[in-house]
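Visitor: Take this structure first; my questions come after.
The values are calculated or read from the model by the stated rules, or taken from the named source; none is laboratory data. The structure presented is a predicted model; accordingly, all values stated were derived computationally and were not measured. Every residue, glycine as well, gets a Cβ built from its backbone with ideal geometry; the counts of neighbours run over all protein chains shown. For the accessible areas, the whole protein counts, side chains as well, though only heavy atoms, and no ligand, DNA or RNA atoms are used. Shrake-Rupley method; radii C 1.70, N 1.55, O 1.52, S 1.80 Å.
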Amino acid sequence: MLKSTGVPEREQLDAVTPPASRRSKGPVAMFECFERIPCDPCYHACKHGAVKEFLDICDVPEVDFERCTGCGLCVVACPGLAIFILDETPSDHAVVGLPYEMLPVPEPGQEVTLLDREGRELGKGEVSQVSRPRVGSGTLLVKLKIPKEMVQDVRSFRLERGTP
Amino acid sequence: MFRTELAVVGAGPAGLSAALAASECGVDTLIVDNGSTPGGQLVKQTHKFFGSKAEHAGTRGIHIARLLAGELQRSPQVEYWSESTALGYYEDQVLLVEREGRAHAVHCDALVVATGAAERHMVFPGNDLPGVYGAGAVQTLMNVHGVKPGERVLIVGAGNIGLIVSYQLLQAGVRVAAVVEASRYIGGYAVHASKLRRLSVPILTSHTVKEAHGHEQVERATVWQIDETFTGVPGTEIEFEVDVICLAVGLSPVTDLLCQIGCKMKYVPELGGYVPIRNENMQTTRSEVFVAGDASGVEEGSSAMLTGRLAGYAAAAYLGKCPDFQNKRAECQRALDALRAGPSGQKVRAGLSVVVSMEAGTC
Ligand SMILES: Cc1cc2nc3c(=O)[nH]c(=O)nc-3n(C[C@H](O)[C@H](O)[C@H](O)COP(=O)(O)OP(=O)(O)OC[C@H]3O[C@@H](n4cnc5c(N)ncnc54)[C@H](O)[C@@H]3O)c2cc1C
């Protein structure tokens with residue numbers, strides 16, 4: 001259970017996964033935010049109106065996936081680092097976009113060890129892009145090229161040397 | 001004698017917000033803090049704050065401190081004394097402040113006490129070994145002075161502070177062996193716990209530290225499982241090779257000054273300990289004394305800013321300088337109610353229900 005392990009359950013994840021029809025069209029955000037806590041920066045970060053306005057600051061975000069462009073502004077704004085970008089449109093791989101706040105800063109082309117929600121190693125992937133959007137207080141948006149079948153599992157990574 | 005209309009003790013988010021609100025109403029304000037830079041807890045918080053965007057959520061704590069301190073600087077009516085400790089407050093409305101080795105008497109017409117909260121300790125064999133730290137000390141070393149507290153850390157307590165400090169340790173390149181938590185559930189927000197799990201940090205609920213071992217300093221920690229009665233279960237011991245044990249087992253409001261003043265206090269476990277009885281305007285049973293932030297009950301940065309602002313306006317109204325007080329009050333209260341509305345606010349709501357009382361003065 002999420003509140004005793006820190007790891008969301010399959011059913012919780014299924015409920016927030018963007019529909020396959022939307023995923024096949026291009027990058028889209030997945031919000032892994034399940035708990036009613038007072039927090040609203042994602043709503044303010046989204047420039048496309050994809051995060052519905054919070055009537056109550058404790059609401060969990062409700063996302064209009066058709067409006068979401070997968071731009072990643074919410075990914076770097078979220079204090080909980082709970083938002084990820086999924087792109088399943090490339091033919092031979094998938095891309096996952098993650099918030100990253102560790103040093104050293106990864107470089108495009110660098111090989112990384114892919115980790116799941118429990119920090120278990122899944123295999124190798126490659127950094128495809130590193131960006132530092134103007135919002136987000138310096139949190140980086142790191143995009144990783146990963147095997148297609150891992151798109152629902154890769155949520156973190158470790159650089160080959162020098163990171164925890 | 002130094003004279004000011006309002007004296008504020010504590011330059012954390014609550015005290016800074018109180019000073020800003022009062023000065024906005026034209027009240028001459030002196031704010032004193034024993035730290036070297038304004039911000040209180042904020043100067044150690046390198047993570048992005050959760051909470052309300054209107055109260056700077058999504059911004060890192062250190063940057064919120066700078067924002068508030070910048071506003072303070074632009075406010076000609078506020079004087080700020082750093083490295084100054086309020087020692088006591090007397091019948092004749094004199095606050096005694098130690099500054100640069102000298103005692104200064106400050107006469108004020110109203111006082112806001114925003115002294116924050118202090119960490120709790122925990123009893124176990126070896127807890128006096130060097131290497132056993134409070135989470136605040138770990139943060140001060142690491143985030144204020146840039147000094148690593150050790151190489152491998154065991155965190156005790158999975159509330160938000162324990163989870164956040166664990167993450168900050170990882171960022172500093174320190175290994176976190178595990179987070180242990182006595183309760184069956186993670187007390188902090190799930191997102192903070194998930195962040196750690198993704199980085200391979202185990203979180204052991206229903207576990208606590210049994211003993212710390214080492215000669216000159218911590219070298220090892222024994223952790224064991226505890227049952228429903230919070231008693232250790234023999235045979236479940238796990239050993240961790242660590243050189244730091246970081247305790248994040250809760251905070252208690254710092255209320256010595258309020259006690260000394262003679263404000264009526266009440267022990268409210270949901271708010272972290274002894275807190276002053278006050279009315280809805282943060283006014284205590286001593287009519288010119290107001291309270292704000294964690295000193296009024298342990299909550300969060302967003303609520304500290306709001307109770308601070310409320311106390312600042314209320315103090316201004318008490319001094320006859322806030323004609324629009326009812327509207328300003330309602331605005332702060334609405335935002336506070338919203339923050340405390342969810343399940344995470346349940347404890348605070350329960351605590352406030354017994355401590356906010358008309359017994360306290362009316363402004
Ligand atoms: C690890 C951690 C993470 C946190 N994360 C978040 C978060 O993400 N979001 C959030 O909303 N909140 C967060 N908080 C909580 C938030 O930091 C506090 O609730 C908030 O700082 C309380 O503000 P305050 O002004 O009441 O007290 P403080 O910030 O504690 O300030 C009190 C000040 O008063 C000074 N003082 C005390 N006594 C005296 C005296 N006698 N004379 C002079 N000065 C005195 C102290 O030195 C201090 O500077 C976090 C706290 C911690 C520890």
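Visitor: Report in % the part of the accessible area of the protein assembly as shown that belongs to carbon and sulfur, leaving out ligands and nucleic acids; probe 1.4 Å. Show your work: numbers first, answer last.
Guide: Working: 10900 of 21810 Å².
Ligands and nucleic acids excluded, carbon and sulfur reach 50 percent.
Visitor: Under 19 Å Cα to Cα from A:Lys3, which aspartates and glutamates show up? Leave out anything in the same chain fewer than 8 places away.
Guide: Here the aspartates and glutamates satisfying the reach criterion relative to A:Lys3 are A:Glu11, A:Asp14, A:Glu32, A:Glu35, A:Asp59, A:Asp116, A:Glu118, B:Glu181, B:Asp227, B:Glu228.
Visitor: A further question on this structure: Can you tell me the length gained on complete extension of the stretch B:Arg102 to B:Thr140, counting 0.36 nm per residue apart and subtracting the Cα distance? Provide the component values of the computation, followed by the final result.
Guide: Values: separation 38, 0.36 × 38 = 13.68 nm, distance 2.63 nm.
Extra length from B:Arg102 to B:Thr140 when fully extended: 11.0 nm.
Visitor: Right, here's the next one. Rank by packing, highest mean first: peptides A:55-61, B:47-53, with packing defined as the count of other Cβ atoms within 10 Å averaged across residues. All intermediate terms of the calculation are to be shown ahead of the outcome.
Guide: Numbers: A:55-61: 16.6, B:47-53: 24.7.
In decreasing order of mean packing, A:55-61, B:47-53 become B:47-53, A:55-61.
Visitor: For region B:129-247, take every pair of Cα atoms, bin their distances at 5 Å starting from 0, and report each bin as a whole percent.
Guide: So the P(r) values, bin by bin, are 2, 13, 24, 24, 21, 11, 4, 1, 0.
Visitor: In addition: Distances over 34 Å make up what percent of all Cα-Cα pairs in the protein assembly as shown? Display every interim value, and only then the final one.
Guide: Details: 56873 of 138601 pairs.
Pairs farther apart than 34 Å: 41 percent.
Visitor: Going toward the positive end of the dipole of region B:43-130, with +1 on Lys and Arg Cβ and -1 on Asp and Glu Cβ, which of B:Leu87, B:Ile64, B:Gly126 do you reach last?
Guide: Towards the positive end, the residue furthest out is B:Ile64.
Visitor: What percent antiparallel are the DSSP beta bridges of chain B, to the nearest 5? Let's see the in-between values first.
Guide: Details: 32 of 66 bridges.
Antiparallel bridges make up about 50 percent of those DSSP assigns within chain B.
Visitor: To continue, here is another question. Toward the positive end of the charge dipole of region B:129-247, about the Cα centre and with charges on Cβ (Lys, Arg +1; Asp, Glu -1), which of B:Ala135, B:Cys246, B:Tyr189 goes farthest?
Guide: Of the listed residues, the answer is B:Tyr189.
Visitor: Additional query: Under 15 Å from the 7 Å Cα→Cβ point of B:Arg184, by amide nitrogen: which residues of region A:1-33?
Guide: A:1-5
Visitor: If you don't mind, there's one more thing I want to ask. Probe radius 1.4 Å, ligands and nucleic acids left out: can you give me the accessible area buried at the A-B interface, summed over both chains, in Å² to the nearest hundred?
Guide: Adding both sides of the contact gives about 3200 Å².
Visitor: Also, quick follow-up: With r defined as the distance between the Cβ atoms of B:Ser357 and B:Glu91 and R0 fixed at 35 Å, what FRET efficiency is calculated, to the nearest 0.05? Before the final figure, lay out each step's value.
Guide: Numbers: r = 23 Å, r/R0 = 0.67.
The computed FRET efficiency comes out at 0.90.
Visitor: Each residue of region B:184-201 in turn: what ³J(HN,Hα) in whole Hz from Karplus with 6.51, -1.76, 1.60 and θ = phi - 60°, glycine and Pro shown as x?
Guide: 6, 10, 6, x, x, 5, 4, 4, 5, 5, 4, 4, 6, 4, 4, 9, 6, 8
Visitor: Something else: Using only alpha carbons, build the gyration tensor for chain A and give me the equivalent ellipsoid semi-axes, biggest first, whole Å.
Guide: Numbers: eigenvalues 112, 60, 57 Å².
Square roots of five times the eigenvalues give 24, 17, 17 Å.
Visitor: In percent, how large is the relative contact order of chain B, given Cα pairs closer than 8 Å and 6 or more residues apart? It would help to have the intermediate numbers written out before the result.
Guide: Values: 881 pairs, mean separation 70.2, N = 363.
In percent, rounded to a whole number, it is 19.
Visitor: Spin-label point model (7 Å from Cα, Cβ direction): what's the B:Glu83 to A:Thr113 distance in nm?
Guide: 4.6 nm
Visitor: Oh, and also: How far is it, in nm, from the label point at B:Ala330 to the one at B:Tyr274 when both lie 7 Å from their Cα along the line to the Cβ?
Guide: Label-label distance for B:Ala330 and B:Tyr274, simple model: 3.8 nm.
Visitor: Can you give the accessible area per residue of region B:235-335, in Å², using a 1.4 Å probe?
Guide: On the way: 3630 Å² over 101 residues.
The answer is 36 Å² per residue.
Visitor: If you average the sequence gap of Cα pairs under 8 Å that are 6 or more apart and divide by the length of region B:129-247, what percent do you get for the contact order?
Guide: Values: 258 pairs, mean separation 37.1, N = 119.
Averaging sequence separation for qualifying contacts and normalising by length gives 31 percent for region B:129-247.
Visitor: Give me the angle, in degrees from 0 to 90, between the Cα long axis of helix B:61-73 and the longest principal axis of the Cα atoms of chain B, rounded to the nearest 10.
Guide: Its long axis makes an angle of about 20 degrees.
Visitor: Then there's this: So what's the angle, to the nearest 10 degrees on a 0 to 90 scale, between helix B:346-355 and the longest Cα principal axis of chain B?
Guide: Around 40 degrees separate the two axes.
Visitor: Enter the angle in degrees (range 0 to 90, nearest 10) between the Cα long axis of helix B:301-318 and the first principal axis of the Cα atoms of chain B, meaning the one along which they spread out most.
Guide: In chain B, helix B:301-318 runs at an angle near 20 degrees to the longest axis.
Visitor: If each DSSP helix of 4+ residues adds -39,500 (n - 2.57) and the sum is divided by the residues in the protein assembly as shown, what number results at 222 nm, nearest 500 deg cm²/dmol? Before the final figure, lay out each step's value.
Guide: Values: 14 runs with 125 residues, N = 527.
One gets -6500 deg cm²/dmol as the mean residue ellipticity at 222 nm.
Visitor: So, one more: So which lysines pass the test for B:Lys48, namely a Cα distance under 19 Å, with those fewer than 8 places away in the same chain ruled out?
Guide: Result set, ordered by chain and number: B:Lys195.
Visitor: So what is log10(I(q)/I(0)) for region B:205-250 at q = 0.18, 0.26, 0.31 1/Å, when the Debye sum runs over its Cα atoms only?
Guide: Each listed q maps to, in turn, -0.56, -0.96, -1.12.
Visitor: Can you pull the Kirkwood radius for chain B, inverse mean 1/r over Cα pairs, to one decimal in Å?
Guide: Hydrodynamic radius (Kirkwood, Cα only) of chain B equals 21.2 Å.
Visitor: Still on this structure, please answer the following. In nm, to one decimal, how far is the A:Glu9 label point from the A:Ser21 one, both placed 7 Å along Cα→Cβ?
Guide: 2.8 nm
Visitor: To continue, here is another question. Which of B:Thr231, B:Thr255, B:Thr140 ends up with the largest GNM mean-square fluctuation for chain B, with Cα atoms connected below 10 Å?
Guide: B:Thr231
Visitor: Further question on the same structure: Return one whole number: the accessible area per residue of region B:38-192 in Å², for a 1.4 Å probe.
Guide: 41 Å²
Visitor: Do any of A:Lys25/A:Lys47; A:Lys47/A:Lys145; A:Lys52/B:Lys53 go past 18 Å between their Cα atoms, and which? Before the final figure, lay out each step's value.
Guide: Details: A:Lys25/A:Lys47 20 Å; A:Lys47/A:Lys145 26 Å; A:Lys52/B:Lys53 15 Å.
A:Lys25/A:Lys47; A:Lys47/A:Lys145, as the Cα separations exceed 18 Å there.
Visitor: If the reach is capped at under 18 angstrom between alpha carbons, list the aspartates and glutamates near B:Lys328, excluding any in the same chain fewer than eight residues apart.
Guide: Answer for B:Lys328, where 18 Å is the Cα cut-off: B:Glu24, B:Glu55, B:Glu280, B:Asp337, listed by chain and number.
Visitor: Turning to a different aspect of this structure: Using θ = phi - 60° and the Karplus curve 6.51 cos²θ - 1.76 cosθ + 1.60, what whole-Hz ³J(HN,Hα) does each residue of region A:62-79 get, with Gly and Pro shown as x?
Guide: Running phi through 6.51 cos²θ - 1.76 cosθ + 1.60 with θ = phi - 60° gives 10, 10, 9, 5, 5, 7, 5, 9, x, 5, x, 4, 5, 4, 7, 7, 5, x Hz.
Visitor: Where nothing but the Cβ of Lys and Arg (+1) and of Asp and Glu (-1) is charged, how large is the charge dipole of region B:129-247 around its Cα centre, in debye to the nearest 20? Before the final figure, lay out the partial values.
Guide: Working: 9 positive and 11 negative charges, 113 e Å.
Around 540 debye, computed over region B:129-247.
Visitor: Using the alpha carbons of region B:204-363, what is the convex hull volume per residue in cubic angstrom, as a whole number?
Guide: Numbers: hull volume 24.3 nm³, N = 160.
Spread over its residues, the Cα hull of region B:204-363 gives 152 Å³ apiece.
Visitor: Right, here's the next one. Name the residues of region B:233-249 whose amide N is less than 20 Å from a point 7 angstrom out from the Cα of B:Asp128 along the C-beta direction?
Guide: B:244-247
Visitor: Continuing with the same structure: List the residues whose amide H sits under 5 Å from the amide H of B:Ala117, counting only those 5 or more places along or on another chain, with H placed 1.01 Å from N in the peptide plane.
Guide: Sorted by chain and number, the residues that satisfy this are B:Val254.
Visitor: Averaged over its residues, how many other protein chain Cβ atoms are within 10 Å of peptide A:75-87's Cβ atoms? Can you show the working numbers first?
Guide: Details: counts 0, 2, 5, 4, 12, 10, 8, 6, 1, 0, 0, 0, 0.
If you average over the peptide's residues, the count of other-chain Cβ atoms is 4.
Visitor: On to the next question. Partner chain Cβ atoms within 10 Å, averaged over the residues of B:50-63 - can you pull that number for me?
Guide: Other-chain Cβ atoms within 10 Å of each residue's Cβ, averaged: 5.
Visitor: While we're looking at this one, here's another question. Using Cα springs under 10 Å in a Gaussian network model of chain B, which residue among B:Ala158, B:Ala118, B:Ala338 shows the largest mean-square fluctuation?
Guide: The residue with the greatest mean-square fluctuation here is B:Ala338.
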